[in-house]
Structures are given as structure tokens and as C-alpha cells.
Amino acid sequence: MCGLFTQYAPRSHYIDVLSPDREFAGGIDDIPIGRYNVGPGPRVLIINQRDDKIFLDPVSWGYQPAWAKESKRPPMINARVETVATSRMFRPLFEHGRALVIADGWYEWKKDPADPKIKQPYFIYHKSHSPLFFAAISRFHPDALEVPDDDGFVIVTAASDEGLLDIHDRRPLVLEPSDALEWLDCDTSPQRALEIAQMQSEPLFEFQWHPVNKKVGSIRNNGSELIEPVGDLII
């Protein structure tokens with residue numbers, strides 16, 4: 001996964017698809033979020049569960065615990081599903097900080113076979129244009145007056161085989177609403193959560209993609225034109 005995605009629909013759009021009959025803590029409005037080029041670093045809205053209630057909170061995309069910072073390891077933005085439950089860095093977050101990133105699609109770059117220096121960005125999204133729920137793990141303190149340095153989240157990724165491999169070898173792990181809610185639930189055991197991540201992600205044939213403007217390469221650009229089709233597909 002390259003590290004850019006969109007989150008432009010209103011909050012209510014995602015929540016109505018995820019769980020239309022469930023009450024969320026805090027207000028859910030119909031104002032578009034309007035983010036067409038979300039990159040690592042800034043705060044991003046993620047869904048999390050606390051005390052049997054579901055919340056939407058802004059959390060920084062990237063995780064760097066103190067020991068990693070001391071050893072000068074850069075913040076991580078993704079965690080591989082193959083090791084998310086066992087690695088030193090991610091196991092505590094996997095067991096106690098599972099979350100969901102709401103999205104509409106994500107961007108990847110494909111090299112031109114005739115000239116590897118030329119790369120074409122693509123926007124990948126659900127064929128039905130329905131909201132996406134990326135599996136994520138997080139550590140943050142919503143009630144803290146000052147945000148701790150090691151607060152943040154990472155997106156869980158899976159292998160991009162059977163269709164997306166020609167664009168990128170990793171992809172965000174996308175969950176259907178019922179599986180997403182179970183992943184989020186504090187009562188879901190780590191063993192069951194891992195089973196969901198390994199076996200129940202949205203299949204690749206549910207997605208499609210098209211080339212988009214290269215302006216998406218700079219997060220300074222943020223407008224609906226970034227997701228519009230341009231040019232021809234690189235074969």
C-alpha cells in the first residue's frame with residue numbers, strides 16, 4: 001500500500017453503512033469530510049470502541065513507540081496481517097487497540113513497462129462505490145489534555161494477489177460491515193480477530209481502478225479532481 005487514501009463523504013455515510021441501527025457516541029453529521037488525499041502524519045478519523053460504545057476520533061496516522069524512537073526507527077504506517085498479532089511493536093495494539101479507518105478508496109502507482117521512471121497513479125475503490133472499512137490497530141488517549149508522542153494508528157495490509165499484484169504487492173485489509181464490527185468489538189478475542197483478518201477480508205474481485213492525475217503525488221493537492229479518471233491504463 002502506497003500510503004494515500006480518501007475520506008471525503010459525510011460521517012453519516014460511513015456510519016449508516018457500517019451499522020444503521022447502532023447508536024454512536026458523539027454527533028454524526030451530514031457535512032462532507034472532503035479529504036481526497038490523506039497521507040501519513042496528520043490526524044485521521046478512525047472508528048474505535050470504548051466501554052461498549054463506538055466513537056469516531058481523530059488520530060495521527062503513524063505509530064512510533066518510545067523504544068522505536070530511541071533507536072531512530074521511523075513511524076510505521078502499515079502492519080502486515082502475517083505478523084500483526086505476533087510482532088513486538090504491534091501485538092499490544094492488536095490485542096487492545098483494534099480500530100477501523102473509514103475510506104472511499106486508496107491510491108497506488110504503477111510503473112510504465114517501457115520506462116520504469118514513469119509512474120501512473122491509480123485510484124482503487126469498491127465496484128459498488130460503497131464505503132470501505134480498513135482494519136487498523138491503534139494506541140491513543142482520547143481524554144488526554146496533551147497528545148502523547150506515541151499515540152497513533154497503522155493500517156493492516158494483506159497481499160495483493162489475483163488481480164492487484166500488477167499495481168502493488170500490498171493492499172489495505174478491507175472488511176465487510178459485519179466483520180468490521182466484530183473486529184472492532186472489545187469482546188472479540190485476539191484469536192478470532194486474527195481469523196477475521198486472515199480469512200474474511202473483502203475479495204479482490206470486488207474492486208476496480210482507473211488512472212488519475214499525478215497531482216495526487218503531493219498531499220498539498222486536495223480536491224475532487226484527484227479521483228477523476230484521466231488518460232489510459234498502463235498495461
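The values are calculated or read from the model by the stated rules, or taken from the named source; none is laboratory data. Bear in mind the structure is a predicted one, so any value in this text is a computation, not a measurement. Here Cβ is always computed from backbone atoms with ideal geometry, including for glycine, and neighbour counts include all displayed protein chains. The protein model used for the area step is the full one, side chains on, heavy atoms only, and it has no ligands, DNA or RNA in it. Shrake-Rupley method; radii C 1.70, N 1.55, O 1.52, S 1.80 Å.
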Taking all protein chains as present, what is the carbon and sulfur share of the accessible area of the range 1-148, in % to the nearest whole number, probe 1.4 Å?
-> 51
His129-Glu225 pseudo-label distance in nm [points 7 Å out on the Cα-to-Cβ vector] = 2.1
Point-charge dipole on Cβ atoms (K/R +1, D/E -1) for the range 1-130, about Cα centre, debye to 20 | 700
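At 1.4 Å probe size, with every protein chain present, just tell me what the per residue accessible area of the chain comes to in Å². Write down the numbers at each step before the final one.
Working: 11810 Å² over 235 residues.
Per-residue value: 50 Å².
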Gyration tensor (alpha-carbon) shape descriptor, the range 1-64, a/c threshold 1.5 = oblate
Given the range 34-125 reduced to its alpha-carbon atoms as identical point scatterers, what log10 I(q)/I(0) does the Debye formula return at q = 0.12, 0.20, 0.22, 0.23 Å⁻¹?
-> -0.54, -1.16, -1.24, -1.27
The Cα extents of the range 114-235 along the principal axes, largest first and rounded to whole Å, are 49, 37, 27
Hey, what angle do you get for helix 190-199 against the long axis of the chain, alpha-carbon based, 0 to 90 degrees rounded to 10?
-> 20
Taking all protein chains together and a probe of 1.4 Å, list Trp61, Trp67 from the most accessible to the least accessible.
-> Trp67, Trp61
Choose one of Ala25, Pro75, Leu56: the residue whose Cα lies farthest towards the positive end of the charge dipole of the range 15-75 (beta-carbon charges +1 Lys, Arg; -1 Asp, Glu; about the Cα centre).
-> Pro75
Measuring from its Cα centre, the chain shows a charge dipole (+1 at each Lys and Arg Cβ, -1 at each Asp and Glu Cβ) which, in debye to the nearest 20, is 1020
Between (1) 19.2; (2) 18.2; (3) 20.2, which matches Kirkwood radius over Cα pairs in Å calculated for the structure shown?
-> (2)
If you put +1 on each Lys and Arg Cβ and -1 on each Asp and Glu Cβ, how big is the dipole of the range 105-235 around its Cα centre, in Debye rounded to 20?
-> 680
Quick one: grab the alpha carbon gyration tensor of the range 74-153, order the square roots of its eigenvalues as a ≥ b ≥ c, and give me rounded if a/c is under 1.5, else prolate or oblate depending on whether a/b is larger than b/c.
-> prolate
Once both label points are put 7 Å beyond Cα along the C-beta direction, the Ser71-Glu195 separation in nm becomes 3.3
Per-residue HN-Hα couplings for the range 212-217, Karplus 6.51 cos²θ - 1.76 cosθ + 1.60 at θ = phi - 60°, whole Hz, x for Gly and Pro?
-> 10, 4, 5, 4, 5, x
